[in-house]
Amino acid sequence: MKPALILFSGLPGSGKTTLARLVAQRLHAPLLAKDRIQRVLRDYVPAATGIDGYHLILDLAAEQLALELSVVLDAVFTLDGFRQVARDIATQNDAAFFPIYCYCSDEALWRERVSRRVQYVPGWKPVGWEAVERLRQHFQPWDQGETLFVDAACSVEANLARVLDRIGEPRVARQNQ
């Protein structure tokens, strides 16, 4: 079975990092989380921008796929252009592409999730609701066709099952060998 690029996208508080970590763990696949990479990048290159972080995780993803390893990406992916680059990288490396868009249909729950987010990356402060609102204004919609839409109002277990069903349980078994 060919490797896969599994891309988790969504606004802060949508559950993408939780699911991305669980899927990476289940597949024994590298997890490339933009927040973590961006924080390290800014430590060494203070002028680095968010766009630089996207370029870096996409380049690292291409490297993993070239080694025939599946890879999990975790980032907001506000702009469709970066999503297209990820799709192209998968195609160029003969890898499956699984875009997953995480959202929360219950705005009260979403606000609560944003307010209680913990700092999982040292030195990286979680954003507040105001920043989420600003990001939402610029978020370009996902193509409904190939994208799996995952609602954080559902349980993590149910969402994980949907994601694993989409990427295929045989892929999970193969990566674990």
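Computed from the coordinates by the stated procedures, all read-outs in this text should not be read as laboratory data. Given the structure is predicted, the values throughout are model-derived calculations rather than measurements. When we count neighbours, we look across all protein chains shown, and the Cβ atoms used for this are built from the backbone with ideal geometry, even at glycine.
Observations on the model:
- Remark: spin-label model distance GLU130-ASP80 equals 3.1 nm, labels positioned 7 Å along the Cα→Cβ axis.
- Across the chain, Cα pairs under 8 Å and at least six residues apart give a relative contact order of 35 percent.
- Here the mean projected area of the convex hull built on the C-alpha positions of the range 4-175 is 9.7 nm².
- Within the range 10-38: backbone nitrogen closer than 17 Å to the ARG166 label point (7 Å, Cα to C-beta): 10-27, 32
- Among ALA108, ALA33, ALA75, residue whose mean-square fluctuation peaks in a GNM of the chain (springs only between Cα atoms under 10 Å): ALA108
- Full extension of the chain segment joining HIS28 with SER115 gains 28.3 nm, where the gain is 0.36 nm per residue of separation less the Cα-Cα distance.
- Rg/Rh, computed from the Cα trace of the range 4-84 with Rh as the Kirkwood radius, has the value 0.95.
- A Gaussian network model of the chain, with springs between Cα atoms under 10 Å, assigns the largest mean-square fluctuation among VAL23, VAL45, VAL71 to VAL45.
- Inter-label distance, nm, simple model (7 Å from Cα along the C-beta direction), GLN137/LEU67: 4.1
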